[in-house]
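Enquirer: Could you have a look at this structure, given as structure tokens, before my questions?
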Amino acid sequence: MRIAIPEFSLVMLVGASGSGKSTFARTHFKPTEVISSDYCRGLVSDDENDMSATSDAFDVLHYIAGKRLASRRLVVVDATNVQPEARKSLLALAAQYYCQPVAIVFNPGEAVCHERNRLRPERQFGPHVVRGQTRQLRRSLPGLRREGLRRIHVLSSQEEVDDARIERVPLSCDFRGERGPFDVIGDVHGCFDELRVLLSSLGYEVSFRDKAGIERFEVMHPDGRRVVFVGDLVDRGPGIGSARSETTRPSCCAP
């Protein structure tokens with residue numbers, strides 16, 4: 001399974017204790033990118049299993065996450081995150097720093113989590129804990145998108161976890177990799193004929209091509225120059241119909 005993650009995002013690992021979140025985080029992310037609630041609990045109490053330190057631990061977690069996001073660095077939160085309240089605070093943090101929130105959900109089943117915790121002496125809490133976390137996860141799954149999570153990836157078995165591969169992708173609005181030279185044009189406002197004259201005067205070759213009944217307006221420059229439109233195209237003006245014709249993106253403009 002391909003898991004596409006924006007290079008600048010806040011990734012929530014969501015799942016009950018023993019679902020495989022920490023192992024996955026160690027496998028696919030840098031240690032500095034992962035902020036573990038258990039580790040933060042240990043920082044404030046010297047005991048990663050001291051539940052009485054949970055509130056302070058999450059204060060530390062949010063503080064570290066905020067500092068990384070302020071520097072536009074990827075953040076991976078390794079906590080159960082099965083409660084809506086926990087996700088809500090992380091979603092607010094993502095919104096504060098204008099990064100995309102991502103959820104990777106681990107749902108291997110309650111029995112698997114119980115068996116893994118049985119082999120971890122430091123996790124000797126009653127089975128009711130995992131049972132409650134599993135129920136919370138099951139209730140949360142249908143509404144994750146409504147909470148504001150744009151990218152949700154659910155891993156329902158160990159096979160899916162093993163097959164998963166993380167692919168870091170730029171944000172859809174990130175064009176830092178684009179290279180000019182560019183010709184920047186402001187508001188066209190439906191002045192299509194004037195736009196054609198302007199492009200021709202800049203040395204662009206203007207052509208039309210009909211494909212499946214759609215008129216495609218194409219421009220190319222012999223020297224590889226590119227047009228960047230930074231204003232309104234069609235909100236008014238005489239050539240709205242022409243300007244709304246489909247444009248071939250690679251040959252004419254950088255959005």
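The values are calculated or read from the model by the stated rules, or taken from the named source; none is laboratory data. In this text the structure is predicted, and so the values were computed from the model without any measurement. Virtual Cβ from ideal backbone geometry, glycine too; neighbours counted across all protein chains shown.
Enquirer: How many residues are within 14 Å of Ala70 (Cβ to Cβ) and crowded, with 17+ Cβ neighbours inside 10 Å when one looks only at region 82-96? Give the derivation first.
Expert: Within region 82-96, the subset within 14 Å of Ala70 (Cβ to Cβ) is 93-96.
From what is left, the residues that are crowded, with 17+ Cβ neighbours inside 10 Å are 93-94.
Result for region 82-96: 2.
Enquirer: Let me ask something else. Consider Arg146 carefully, then state whether it is under 20 Å from Val11 (Cα atoms), among the charged types (D, E, K, R) and without any contact (Cβ under 8 Å) to a residue 60 or more places away in the chain.
Expert: Values: under 20 Å from Val11 (Cα atoms): yes; among the charged types (D, E, K, R): yes; without any contact (Cβ under 8 Å) to a residue 60 or more places away in the chain: yes.
It is true that Arg146 is under 20 Å from Val11 (Cα atoms), among the charged types (D, E, K, R) and without any contact (Cβ under 8 Å) to a residue 60 or more places away in the chain.
Enquirer: Separate question: Does at least one position in region 28-45 carry a residue that is among the hydroxyl-bearing types (Ser, Thr, Tyr), more than 24 Å from Gln136 (Cβ to Cβ) and in a loop (DSSP other than H, G, I, E, B)?
Expert: no
Enquirer: Separate question: Being touching a Phe, Trp or Tyr at 6+ places or on another chain (Cβ under 9 Å), at pLDDT 95 or above and not in a loop (DSSP other than H, G, I, E, B) is the filter here; which residues of region 90-126 pass it?
Expert: Ile104, Phe106
Enquirer: A further question on this structure: Across region 15-33, what is the total count of residues that are surrounded by 21 or more Cβ atoms within 10 Å (Cβ to Cβ), farther than 13 Å from Val161 by Cα and of a type in the set (A, V, I, L, M, F, W, C)?
Expert: 1
Enquirer: Does Gly213 qualify as being on the phi > 0 side of the Ramachandran plot, over 35 Å from the mean Cα position of the chain (by Cα) and either modelled with pLDDT of 85 or more or not aliphatic (A, V, I, L, M) (or both)?
Expert: So Gly213 passes the test.
Enquirer: Just the residues that are in a helix (DSSP H, G or I), surrounded by fewer than 16 Cβ atoms within 10 Å (Cβ to Cβ) and among the β-branched types (Val, Ile, Thr), please, taken from region 148-197. Don't jump to the end; show me each part of the working.
Expert: At the first step, the residues of region 148-197 found to be in a helix (DSSP H, G or I) are 158-163, 192-197.
Next, only the ones that are surrounded by fewer than 16 Cβ atoms within 10 Å (Cβ to Cβ) stay: 158-160, 162-163, 193-194, 197.
Matches in region 148-197: Val197 only.
Enquirer: Could you tell me how many of the residues in region 51-72 are surrounded by 15 or more Cβ atoms within 10 Å (Cβ to Cβ), more than 17 Å from Ala95 (Cβ to Cβ) and of a type outside the set (A, V, I, L, M, F, W, C)?
Expert: Final tally of qualifying residues: 2.
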